[in-house]
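Engineer: Structure provided below as structure tokens; questions to follow.
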Amino acid sequence: MHSTPRVLFLALVCATNLGAQITLVDDLNRSVSIPSAAQRIVSLAPSITESLFAIGAGSRVVGVTDYCNYPLAAKSKEQVGGVINPNIEKIVSLRPDLILLTMEGNVREDFNKLTSFGVPVFVTNPRTLQGIRESIAKIGSLAGREEEAARLVYSMKNVEDSVKTLTQKAVRPRVLFFVSLQPIIVVGTSTFLNELIELAGGVNIAASTGSTYPTYSREVVLENNPDVLIFMSEIIQDTDEITNLYPEWSKLNAVLAGKVFTIDADVLSRPGPRAVNGLRALFHLLHPQHQ
């Protein structure tokens, strides 16, 4: 039995009776109220846009960022600039009754400007899979899609639980996950990606640094000698690029064993509904015997 999605749904539906005022606490610990389910939503983060479409609220989206490229229907929406540099005037001209943004992507100055116009602004900042599920449930409440959000949350939890079951007794390879090669920056601790690595049955070598995204030297990578190397898809296309840049890495266990992988950055790094797709992809890379 998965009680968490059901509890979330029941708690939120109590606050969102049709036509009733909706009041929820966002990730800035602010109480945000809207008179009824939002009809004209501006999303200032790709993960939020994906969440809205995934729960059937795409028709209520009137504005998105230039980076909101999934699903395909999102690209037909009015674009309001980038995540960190949205066009405030254009957003206001769309007459939104709700603006959704994130803490990490969007900047405080834009948040202050948007709130000054009197439009409800709800901030979400999930850092874990549980946080993503809670965020989707709240977005569902604000958009009048509570039941659809509850079903999505339930489905996501099922995927996570299935992967957990499969990795309980698995041998856990030592992993380095790169977000940059020049300079060398890897995924550390207290990050969403670190949680995905661990849930997928890996050991994140860089978690021991105590830093979220530590910078490594080429020598430190060699000393740690990971079993698996993972790169965001926009960083490299094949192993030769790595060994051409750092020839000594050809001696790494991961390179010798052919355990150098790329993964779609959009799927893996966006804290939205496709995060469980990223979890599954990581799991199959680390444990190919379960294909």
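The values are calculated or read from the model by the stated rules, or taken from the named source; none is laboratory data. In this text, all values refer to a predicted model and were calculated from it rather than measured experimentally. Positions of Cβ are backbone-derived with ideal geometry, glycine not excepted, and every protein chain shown enters the neighbour counts.
Engineer: Given the residues G140, G131, G144, which is the only one that is farther than 24 Å from T215 by Cα and surrounded by fewer than 18 Cβ atoms within 10 Å (Cβ to Cβ)?
Structural biologist: Result: G131 is the single residue among G140, G131, G144 that is farther than 24 Å from T215 by Cα and surrounded by fewer than 18 Cβ atoms within 10 Å (Cβ to Cβ).
Engineer: Residues that are touching a helix residue (DSSP H, G or I) at 6+ places or on another chain (Cβ under 8 Å) and more than 28 Å from D238 (Cβ to Cβ): which strands (runs of 3 or more DSSP E) entirely in the range 112-221 hold 3 or more of them?
Structural biologist: 121-124
Engineer: Out of E234, E223, E195, E219, which single residue is among the charged types (D, E, K, R) and surrounded by 16 or more Cβ atoms within 10 Å (Cβ to Cβ)?
Structural biologist: E195 is the lone residue from the list that is among the charged types (D, E, K, R) and surrounded by 16 or more Cβ atoms within 10 Å (Cβ to Cβ).
Engineer: Take T49 and decide whether it is modelled with pLDDT under 95, hydroxyl-bearing (S, T, Y), within 22 Å of A150 (Cα to Cα) and in contact with a helix residue (DSSP H, G or I) (Cβ under 7 Å, 6 or more places away or on another chain).
Structural biologist: no
Engineer: If you don't mind, there's one more thing I want to ask. Can you say whether G258 is within 18 Å of V159 (Cα to Cα) and among the small types (G, A, S), as far as the supplied structure shows?
Structural biologist: No: the conditions fail for G258.
Engineer: Checking the condition within 21 Å of H290 (Cβ to Cβ), crowded, with 16+ Cβ neighbours inside 10 Å and touching a Leu at 6+ places or on another chain (Cβ under 8 Å), which residue from A200, A206 passes?
Structural biologist: When all the criteria are applied, what remains is A200.
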